[in-house]
Amino acid sequence: MIRIYADYHTHTTYSDGKGSIEDNVRAAVSRGLKILAISDHGPQHLTYGIKRKKYAEMRGIIDEMNAKYPMIQTLLGLEANVMDADGRLDVDEGMLRMADVLLAGYHFGSLSGDLKGTSALHRLNFEGRLSRKAAERAKELNTKAMIKAMHNYDIKILTHPGAKGAIEIMPVAEAAIATHTALEINANRHGHLTFEDLLMLRNSACLFAINSDAHRPEMIGRFEPAIERALRAKIPCNRIINCLKSEEEAETAEGVKVPEKAGEV
């Protein structure tokens, strides 16, 4: 059995989500979660990145939520965009100081001041749909970008690895092990890590995180597709950073009893 007590990947109206921060907190409480992170998209996404000047506002709301809903720990996160093959993220020092937890992933539509570097990565991923040679080069650059990002930043979770741009999973996993980064088993439509990825990584020392990637409050804590992939691949609970390892942990974490409805399959 896998019971998930924390959802580190949820979105709000500060990026492309449909609910407020408080809507997400209330949904997480109703699902019996112990920890919730608000991890909206990084600011360099052209269509739904958060506004940098709004991040301090989010910090204040998160602090209010922790006072108002003491039964759950609410974290200010960020799903930063991996911008180029050098692994740069669209996050500045001020944002890093305010954040409780940093997630990162590759997304189309993110552009940095270095248009050449960012555009090259996006262009290759697009051309990779049309050409085998371009696809191989894109996979090489995507893999390099993920590895460098993990070494350059204190990333807790690499989101949906391989979903937006193909990667070589084993070198990425080796970097994740070296940097103590968890690879996400995403419960949303992305489907990554895939069952095949998990089979390849089952006997490694790689850590994982199961997250909803919820863009609507009602999807928070809905982990079933990700849990099913993990179970099929026989990934043990002790390799999943947000899996309850014991009934004792369920009783004692932050002094809160986790109801049976908390993400469980």
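Residues that are modelled with pLDDT under 95, touching a strand residue (DSSP E or B) at 6+ places or on another chain (Cβ under 8 Å) and polar (S, T, N, Q) within the stretch 1-47 comprise just one, 44. Kindly evaluate residue 77 against the criterion of being of a type in the set (Gly, Ala, Ser) and under 17 Å from residue 22 (Cα atoms). Spelling it out, residue 77 is indeed of a type in the set (Gly, Ala, Ser) and under 17 Å from residue 22 (Cα atoms). In the condition set (1) exposed (fewer than 15 other Cβ atoms within 10 Å of the Cβ); (2) small (Gly, Ala, Ser); (3) without any contact (Cβ under 8 Å) to a residue 24 or more places away in the chain, residue 56 is compliant with all but (3).
Annotation note: of 77, 87, the sole residue that is on the phi > 0 side of the Ramachandran plot and modelled with pLDDT of 90 or more is 87. Among helices (runs of 4 or more DSSP H) entirely within the stretch 132-214, having at least 1 residues that are modelled with pLDDT of 95 or more, small (Gly, Ala, Ser) and farther than 18 Å from residue 88 by Cβ singles out 169-179. Taking every residue in the stretch 186-209 that is without any contact (Cβ under 8 Å) to a residue 40 or more places away in the chain and charged (D, E, K, R) and pairing it with any residue that is in a loop (DSSP other than H, G, I, E, B) and crowded, with 18+ Cβ neighbours inside 10 Å, at least 6 positions away or on another chain, the pairs with Cβ-Cβ distances below 8 Å are 197/161; 197/162; 202/233; 202/235.
Kindly establish whether residue 202 is surrounded by 21 or more Cβ atoms within 10 Å (Cβ to Cβ) and basic (Lys, Arg).
no
In the condition set (1) surrounded by fewer than 18 Cβ atoms within 10 Å (Cβ to Cβ); (2) in contact with a His (Cβ under 7 Å, 6 or more places away or on another chain), residue 22 is compliant with all but (2). Filtering the stretch 25-45 to residues that are in contact with a Ser or Thr (Cβ under 7 Å, 6 or more places away or on another chain) and surrounded by fewer than 23 Cβ atoms within 10 Å (Cβ to Cβ) leaves 44, 45. Checking each residue in the stretch 91-115 for being at pLDDT 90 or above and more than 20 Å from residue 182 (Cα to Cα) picks out 92, 93, 94, 95, 97, 98.
In summary, residue 185 fulfils each of the numbered conditions (1) in contact with a His (Cβ under 9 Å, 6 or more places away or on another chain); (2) under 19 Å from residue 210 (Cα atoms); (3) of a type in the set (A, V, I, L, M); (4) surrounded by fewer than 21 Cβ atoms within 10 Å (Cβ to Cβ) with the single exception of condition (4). Please find, within the stretch 63-89, the residue that is surrounded by the most Cβ atoms within 10 Å (Cβ to Cβ) out of those that are farther than 30 Å from residue 124 by Cβ and under 18 Å from the mean Cα position of the chain (by Cα). If we take residues in the stretch 63-89 being farther than 30 Å from residue 124 by Cβ and under 18 Å from the mean Cα position of the chain (by Cα), then 74 is surrounded by the most Cβ atoms within 10 Å (Cβ to Cβ). In this entry, residue 31 passes the filter for residues that are of a type in the set (D, E, K, R), under 18 Å from residue 222 (Cα atoms) and in contact (Cβ under 8 Å) with a residue 60 or more places away in the chain. When the stretch 215-265 is filtered for residues that are modelled with pLDDT under 95, under 23 Å from residue 25 (Cβ atoms) and in a loop (DSSP other than H, G, I, E, B), the ones remaining, listed by number, are 244, 256, 257, 258, 259, 260, 261, 262, 263.
The values are calculated or read from the model by the stated rules, or taken from the named source; none is laboratory data. These numbers were taken from a predicted model, which means no experiment stands behind them. Positions of Cβ are generated from backbone atoms using ideal geometry, with glycine treated the same way; all protein chains shown enter the neighbour counts.
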